[in-house]
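*Asks:* Encoded as structure tokens, here's the structure I'll be asking about.
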Amino acid sequence: MQRVPGVVVVGAGPVGFLTALGVARGGIPVTVIEAEPAINDSPRATIYFPTTLTVLAELGLLEDALALSYISSRFSYRLLATGESIHVDTARTAPPDASFTYNAHFGQHRLAQLVSQHLLRLPNTAVRWSTRLVALESGAEGCTLTLESAAGREELHADWVVGADGARSAVRHLLGLAFEGHTWPERFVATNLEYDFERYGFEPANMVADPVNWAVVARLGLENEWRVTYAEDASISEEEARRRIPQHYAAILPDPEAPFRILASSPYRVHERCAPTFRVGRVLLAGDAAHACNPCGGMGLTGGVIDALALAQVLKAVVHGKAGEAVLDFYARERRRVFLEVSSPVATEMKRRMSEPDPARQRADFEAFRQQAESPEQAAMSTTLSKLVMGQPMPV
């Protein structure tokens, strides 16, 4: 059995790499294990809110992240049926002491690539691709991981393990933890395309409300590339879902006759689920491995990034003997509470607004947003939500 001192992080997505970087910055050896051969570049999250930018700044990543980003504070809320839209510049309602008054737009795979580069510049760090976790035991003195790769099966012994391997988490499964909640009946389809949305008055971030053809439309980055995410029938195959992309574009794009080019697509099932605990002995969960919500409102990656920072803080304190293991339990309880009380309800309400079938309620939602858009209270509401998503600071 090979001994790997320090922390093994399972999952090479943004949350896994951010956790690894935070731990490694504390001088702790870190190994990242990933079943895939490389970072997954399929379409996923693309907008980073001020809360997330605050975390990136704390981890020393902000300057490099902004160099990749399209910066914007503008948003629109649209009714597909009537063509009406409300346009908002969130910088105008940001509180005077706000560290950030804008969002950053770039694909989450680029964030993972950026963080991995920073990680591997540090001593005692490694990333093992095409390496699958098949067994896991947590004991009083550490964890035993059984791995499979092209070289065969091997066992590693690590002091701590972090499961950041997504909603289908092998770590969570091997711990025997349930994933409580529900799966949404429809499949979501995230697509990247080239299309001149700005010509039709779209902002860099847009919510299109409709009972059937709702959509999230957002600029991807510095290039003229856009993300369009919509709902699809979950009973059809992924191949059929991809074949039907132009059919959905015909309903969603402001001028479907204008030229567009599909760059990538990713049909996926969407969950509203949470593990019963985020800690089992020396194994901890973060991001989608711990909790998964629908992407409407951007709560998924936002919550995962905050998990990463918080978990790195408590792990460093425990490893260096500055705090007892009770701080790990605090992390597990607090981040679970935030998901159940804040992130998941916000994401669920956003999804309801986008796909509301009752015309009267859809109109009421639209008019309520219009009234809130320029109100001074809106700044206070946004600040309050940011604090709620961050949760209580870790006691270290």
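The values are calculated or read from the model by the stated rules, or taken from the named source; none is laboratory data. No experiment lies behind these values; they were computed from the predicted model shown. Cβ sites come from the backbone with ideal geometry, for glycine too, and all protein chains shown count toward neighbours. Side chains are part of the model used for accessible areas, which takes the heavy atoms of the whole protein and leaves out ligands, DNA and RNA. Shrake-Rupley method; radii C 1.70, N 1.55, O 1.52, S 1.80 Å.
*Asks:* Report the calculated FRET efficiency for residue 392 and residue 180 (r = Cβ-Cβ distance, R0 = 35 Å), to the nearest 0.05.
*Replies:* Working: r = 23 Å, r/R0 = 0.65.
The pair residue 392/residue 180 has a calculated efficiency of 0.95.
*Asks:* Quick one: which residues, 5+ away or cross-chain, put their amide H under 5 Å from the amide H of residue 203? H built at 1.01 Å from N.
*Replies:* Under 5 Å from the amide H of residue 203: 76.
*Asks:* Would you mind classifying the range 86-195 by shape? Square roots of the alpha carbon gyration tensor eigenvalues, ordered a ≥ b ≥ c; an a/c under 1.5 is rounded, otherwise it is prolate if a/b is larger than b/c and oblate if not.
*Replies:* Working: a/c = 2.10, a/b = 1.73, b/c = 1.21.
Since a/c reaches 1.5 and a/b is larger than b/c, the shape of the range 86-195 is classed as prolate.
*Asks:* Also, I was wondering about something else. I need the shape label for the chain. Rule: rounded when a/c is under 1.5, else prolate if a/b > b/c, else oblate, with a, b, c from the alpha carbon gyration tensor.
*Replies:* On the way: a/c = 1.88, a/b = 1.57, b/c = 1.19.
Judged from the Cα gyration tensor, the chain comes out prolate (a/c at least 1.5, a/b above b/c).
*Asks:* Also, quick follow-up: Cβ under 12 Å from residue 113's Cβ, residue 113 left aside: what net charge do those residues give with Lys, Arg +1 and Asp, Glu -1?
*Replies:* On the way: positive: 110; negative: 41, 64.
For residues surrounding residue 113, the net value is -1.
*Asks:* Follow-up question, since we're still on this one. How high is the FRET efficiency between residue 223 and residue 101 when r is their beta carbon distance and R₀ equals 22 Å, given to the nearest 0.05? Display every interim value, and only then the final one.
*Replies:* Details: r = 24 Å, r/R0 = 1.08.
The computed FRET efficiency comes out at 0.40.
*Asks:* Mean residue ellipticity at 222 nm from the helices of the chain, using -39,500 (n - 2.57) per DSSP H segment of n ≥ 4 over the full residue count, to the nearest 500 deg cm²/dmol? List each step's numbers first, then the result.
*Replies:* Details: 12 runs with 134 residues, N = 396.
Dividing the helical sum by the residues of the chain leaves -10500 deg cm²/dmol.
*Asks:* Still on this structure: Each residue of the range 198-210 in turn: what ³J(HN,Hα) in whole Hz from Karplus with 6.51, -1.76, 1.60 and θ = phi - 60°, glycine and Pro shown as x?
*Replies:* The phi angles translate into 4, 4, 9, x, 6, 8, x, 10, 8, 10, 10, 8, 5 Hz.
*Asks:* Further question on the same structure: Summarise the accessible area of the chain (1.4 Å probe, protein heavy atoms) by the percent that is carbon and sulfur. Show your work: numbers first, answer last.
*Replies:* Numbers: 8650 of 16860 Å².
Carbon and sulfur atoms account for 51 percent of the accessible area of the chain.
*Asks:* Further, regarding this structure: Compute the acute angle (0 to 90°) between the alpha-carbon long axis of helix 326-338 and the principal axis of greatest extent of the alpha-carbon atoms of the chain; round to the nearest 10°.
*Replies:* 20 degrees
*Asks:* Can you work out the accessible area per residue across the chain, with the rest of the protein chains kept in place, probe 1.4 Å, in square angstrom? Before the final figure, lay out each step's value.
*Replies:* Details: 16860 Å² over 396 residues.
Per-residue value: 43 Å².
*Asks:* Restricting everything to alpha-carbon atoms, can you work out Rg to Rh for the range 191-234 with a Kirkwood hydrodynamic radius?
*Replies:* On the way: Rg = 10.9 Å, Rh = 11.0 Å.
Here the Rg-to-Rh quotient is 0.99.
*Asks:* Using Cα centres only, tell me the gap between the range 208-272 and the range 43-66 in whole Å.
*Replies:* Each part reduced to its Cα centre gives a spacing of 25 Å.
*Asks:* For the chain, take the longest principal axis of its alpha carbons; what is the angle in degrees between that and the long axis of helix 359-373, to the nearest 10 within 0 to 90?
*Replies:* 80 degrees
*Asks:* Just to verify a number: FRET efficiency for residue 238 and residue 326, C-beta to C-beta distance, R0 = 56 Å, to 0.05?
*Replies:* Working: r = 45 Å, r/R0 = 0.80.
For residue 238 and residue 326, the calculated efficiency is 0.80.
*Asks:* What are the ³J(HN,Hα) couplings of the range 176-183, residue after residue, when phi is run through the Karplus curve with 6.51, -1.76, 1.60 and θ = phi - 60°? Round to Hz, x for glycine and proline.
*Replies:* x, 8, 6, 10, 7, x, 9, 9
*Asks:* If you don't mind, another one. Can you list residues whose amide H is under 5 Å from residue 32's amide H, if they're 5+ apart or on another chain and H is modeled 1.01 Å from N?
*Replies:* 9, 126, 127, 128
*Asks:* Can you check what the Kirkwood hydrodynamic radius comes to for the range 68-144, Cα pairs only, in Å to one decimal? Could you put the intermediate results ahead of the total?
*Replies:* Values: mean 1/r = 0.0563 Å⁻¹.
Radius from the Kirkwood sum: 17.8 Å.
*Asks:* Turning to a different aspect of this structure: Return P(r) of the range 106-153 (all Cα-Cα pairs; 5 Å bins starting at 0; whole %; ordered from short to long distances).
*Replies:* Over the range 106-153, the share of Cα pairs per 5 Å bin runs 5, 16, 15, 17, 20, 20, 7, 2, 0 percent.
*Asks:* With each label point set 7 Å from Cα along the Cα-Cβ vector, what nm distance links residue 194 and residue 262?
*Replies:* 1.7 nm
*Asks:* Could you give the angle, 0 to 90 degrees to the nearest 10, between helix 108-120's Cα long axis and the longest principal axis of the Cα atoms of the chain?
*Replies:* On a 0 to 90 degree scale, this one is about 30.
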